[in-house]
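Chemist: Take this structure first; my questions come after.
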Amino acid sequence: MIRRFFSYYIPHKKLFAADFSSAIVVAILELAFPLAVQWFVDSLLPYGDWPTIVWIGIGLFVIYGISTFLQYVVHYWGHNLGINIETDMRQQLFEHTQKQSFKYFDNTKTGHIMSRFTNDLFDIGELAHHGPEDMFIAFMTFIGAFWIMFTINVKLALVILCIVPILIGLIVFCNLKMNKAWKQMFRDIADVNARVEDSVSGVRVVQSFTNERFEISRFNKENKKFRKAKILSYKVMAFSLSSIYMLTRFITLAVLVYGAWLSFNGQLSNGELVAFILYVNVLLKPIDKISALMELYPKGMAGFKRFTEMIDTEPEIKDAKDAIHVPSLRGDISLNNVGFRYENHKRVLNGIDLHVRAGETIAFVGPSGAGKTTICSLIPRFYDVEEGAITIDGIDIRKITKESLRSQIGIVQQDVFLFTGTLRENIAYGMLDASDEDIAAAAKRAHLEHFIASLPDGYETQIGERGLKLSGGQKQRIAIARMFLKNPPILILDEATSALDTETELIIQEALTELAKDRTTLVIAHRLATIRNADRIVVVTEEGIAEEGTHDELIEKGGIFANLHRVQYRR
Ligand code: ADP
Ligand code: MG
């Protein structure tokens, strides 16, 4: 796991080397400074040799300058390093998420994926920003400072060594408390945010029930809870800062008094006493760092583990090694004895046999839940069949690259997913490099041009979050315009007009009929009037394909379809 973590440093090894070596030099200078002061006090001060003192002063000044610069390097480039690693991981995670199959998203909560991107990457980032170099430097300074102190005076060093564990214990204790307080605070702010999100996205419902006061009082409760948690965390912080301050002053005093006594007995020089006091301060930094890392490390590593688990989840559906790129399919689709079930679900499809000739329009009808949408999801390989096979132009679709297969299948569904942005961007989603002329032509064929012309901003109109500012019919027409741009040989219309009123449906039906021309089209329809002109109608029930034939043939037959027809038209 740690080796894998470090593998993310490899692309940035130069930055790491610069950061790490600067940190080592800073630590060495920090350790050397008290020694320099000691020498200054013991060997220079008594003789009052002013020119030398001035030169030493200038020398120390230069060294301080260098140290300051290197500290800048450590902070700035160290964080740069961390941010680079974090960015790489985030990118990798996003790319991986894009590749996952439908099954993965069926079984994974969106919030779960979001928290990988936010919480976990944040924790990993914290660790990557300071982790390895800080850990190394802290241990080095800690051991180095003690080593030097022991060489100067064993007794005084022992006194410090006895008190330091108390300091470490105190810091660890405070960190634990702090951590708990922070966790509570994060939970509470998450609740506050959830309330805001809920009420804002549901504001139309809130206002239509005139429940604003209820929402406000609900929010007030969460807001106050957060305030309480935040105050507690500041209380812990204040306690922690002041008690650590007190203890370090205590160590300093102890060194001063015991050191004075040793000095009195001729066992310690004045310079050595000053050096000791300075070393107490040198020690504080690594102790602080180490105890912070004791918390950061497990958190970051736990986040990293979840991150790698996600990265290691192979997409269920991917190209076979010998997959072929088929740039232009004719659209002759065959389902041979197809069986399928969703995970933890009873069998949805069983022994489905169906042949759709290139250019044919086939309509699926049948009760909801029968598996019509499922059949259509198998053709672009959103899921793989469990039994049997699906072929297009005689080739098993598992042998065709996912990209060439899906780029030749267009799907229009009942609810159209639009992205926040402009009309133009949403239409162009069907073909990202479409020219303005292409877009205008597609909009015209989708009967959108009058609507767009009536807007002051035309194609640049912002459609609101997920197309909030558009009607159902307008959204559907955008979906159709996308299809005209994509221009796939195979088209799937899954209840594309079911959510619309009859009048709108009529207009859209016209556009859909034009869209279906010269393509293999699979239509799932609710209202039977919309499929009158289909070449063939397939009645799907939970038992499988029950009837198959032209409209007139099925009416004639007097079976399920004829019955459905009678119910819808009361004839
Ligand atoms: P239809 O389109 O004919 O109304 P579907 O193909 O959508 O039916 O659904 C067929 C069956 O599969 C239903 O029982 C439905 O509950 C189930 N189902 C559909 N999608 C999923 C899914 N993603 N995960 C699990 N079960 C599903
Ligand atoms: Mg359906």
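Laboratory data are not the source of any read-out in this text; all were calculated from the coordinates shown. From a predicted model like this one, the values you see are computed outputs, not experimental measurements. We place every Cβ from the backbone using ideal geometry, glycine too, and count neighbours over all the protein chains shown.
Chemist: Assign unit charges at the C-beta atoms only (+1 for Lys and Arg, -1 for Asp and Glu), then state the dipole size of the chain relative to its Cα centre in Debye, rounded to the nearest 20. List each step's numbers first, then the result.
Modeler: On the way: 62 positive and 65 negative charges, 383 e Å.
So the dipole magnitude of the chain works out to roughly 1840 debye.
Chemist: Please give the contour-minus-distance gain from Glu212 to Lys155: 0.36 nm per residue of separation, less the Cα-Cα distance, rounded to one decimal in nm. Please report the intermediate quantities before stating the final value.
Modeler: Working: separation 57, 0.36 × 57 = 20.52 nm, distance 7.09 nm.
Extending this stretch completely gives an extra 13.4 nm.
Chemist: Further, regarding this structure: Can you compute the FRET efficiency between Leu232 and Ile58 using 1/(1 + (r/R0)^6), with r the Cβ-Cβ distance and R0 = 45 Å? Round to the nearest 0.05. Could the numbers behind the result be given before it?
Modeler: Working: r = 51 Å, r/R0 = 1.12.
It comes out at approximately 0.35.
Chemist: Based on Cβ point charges of +1 for Lys and Arg and -1 for Asp and Glu, what charge dipole magnitude is obtained for the stretch 487-571 about its Cα centre, in debye rounded to the nearest 20?
Modeler: Roughly 220 debye, rounded to the nearest 20.
Chemist: Got a sec? How would His96, His129, His345 order by Cβ neighbour count within 10 Å, fewest to most? If you can, show how the numbers build up before the last one.
Modeler: Numbers: His96 16, His129 20, His345 9.
Sorted ascending by nearby Cβ count, the order is His345, His96, His129.
Chemist: Right, next: Using R₀ = 35 Å, calculate the FRET efficiency as 1/(1 + (r/R₀)^6) where r is the Cβ-Cβ separation of Ile507 and Lys99; round to 0.05. List each step's numbers first, then the result.
Modeler: Values: r = 38 Å, r/R0 = 1.09.
About 0.40, to the nearest 0.05.
Chemist: Could you line up Asp322, Asp88 from fewest to most neighbouring Cβ atoms inside 10 Å?
Modeler: Values: Asp322 6, Asp88 14.
The most exposed by this proxy come first: Asp322, Asp88.
Chemist: Taking only Cα atoms of the stretch 425-502, what ratio of Rg to Rh do you get with Rh as the Kirkwood inverse-distance radius?
Modeler: On the way: Rg = 12.3 Å, Rh = 13.0 Å.
Here the Rg-to-Rh quotient is 0.95.
Chemist: With all pairs of different alpha carbon atoms counted, what Kirkwood hydrodynamic radius in Å does the chain show?
Modeler: On the way: mean 1/r = 0.0328 Å⁻¹.
Taking the inverse mean of 1/r over all distinct Cα pairs, the chain comes out at 30.5 Å.
Chemist: Semi-axes of the stretch 258-362's equivalent ellipsoid from the Cα gyration tensor, sqrt of 5 times each eigenvalue, largest first, rounded to whole Å? Please report the intermediate quantities before stating the final value.
Modeler: On the way: eigenvalues 1253, 57, 16 Å².
That gives 79, 17, 9 Å for the three semi-axes.
Chemist: For the charge dipole of the stretch 344-458, defined by +1 on Lys and Arg C-beta atoms and -1 on Asp and Glu C-beta atoms about the Cα centroid, which residue among Ile439, Thr361, Tyr429 has the Cα displaced farthest towards the positive pole?
Modeler: Result: Thr361, furthest along the dipole toward the positive end.
Chemist: Tell me, what are the semi-axes, in whole angstrom and largest first, of the equivalent ellipsoid of the stretch 155-273 as set by the roots of 5 times the Cα gyration tensor eigenvalues?
Modeler: On the way: eigenvalues 635, 22, 14 Å².
The three semi-axes for the stretch 155-273 are 56, 10, 8 Å.
Chemist: Apply 1/(1 + (r/R0)^6) to the Cβ-Cβ distance of Val25 and Ser243, taking R0 = 25 Å, and write down the FRET efficiency to the nearest 0.05. Don't jump to the answer; show the numbers that get you there.
Modeler: Working: r = 33 Å, r/R0 = 1.32.
Result of the calculation: an efficiency of 0.15.
Chemist: Sorting Val26, Val196, Val523 on the 10 Å Cβ count, fewest up front, what's the list? Kindly include the intermediate steps, with their values, before the conclusion.
Modeler: Numbers: Val26 20, Val196 13, Val523 26.
With the fewest neighbours first, Val26, Val196, Val523 line up as Val196, Val26, Val523.
Chemist: How large is log10 of I(q)/I(0) for the stretch 341-429 at q = 0.15 Å⁻¹ when the intensity is taken from the Debye formula with one equal scatterer per alpha-carbon?
Modeler: Result of the Debye calculation: -0.74.
Chemist: Placing +1 on the Cβ of each Lys and Arg and -1 on the Cβ of each Asp and Glu in the stretch 277-384, which of Ser377, Pro315, Leu296 has its Cα farthest towards the positive end of the resulting dipole?
Modeler: Towards the positive end, the residue furthest out is Leu296.
Chemist: Which Rg and Dmax, in Å, describe the Cα atoms of the stretch 514-571?
Modeler: 11.8, 34
Chemist: Return the calculated 222 nm mean residue ellipticity for the chain, to the nearest 500 deg cm²/dmol, obtained by summing -39500 (n - 2.57) across DSSP H runs with n ≥ 4 and dividing by the residue count.
Modeler: On the way: 19 runs with 356 residues, N = 571.
Value at 222 nm, helices only: -21000 deg cm²/dmol.
Chemist: With unit charges on the beta carbons (Lys and Arg positive, Asp and Glu negative) and the dipole taken about the Cα centre of the chain, which residue among Asn153, Leu448, Ser217 sits farthest to the positive side?
Modeler: Asn153
Chemist: To the nearest 20 debye, what is the magnitude of the charge dipole of the stretch 353-493 about its Cα centre, counting +1 on the Cβ of each Lys and Arg and -1 on the Cβ of each Asp and Glu? Can you show the working numbers first?
Modeler: Working: 16 positive and 18 negative charges, 44 e Å.
Rounded to the nearest 20 debye, it is 220 debye.
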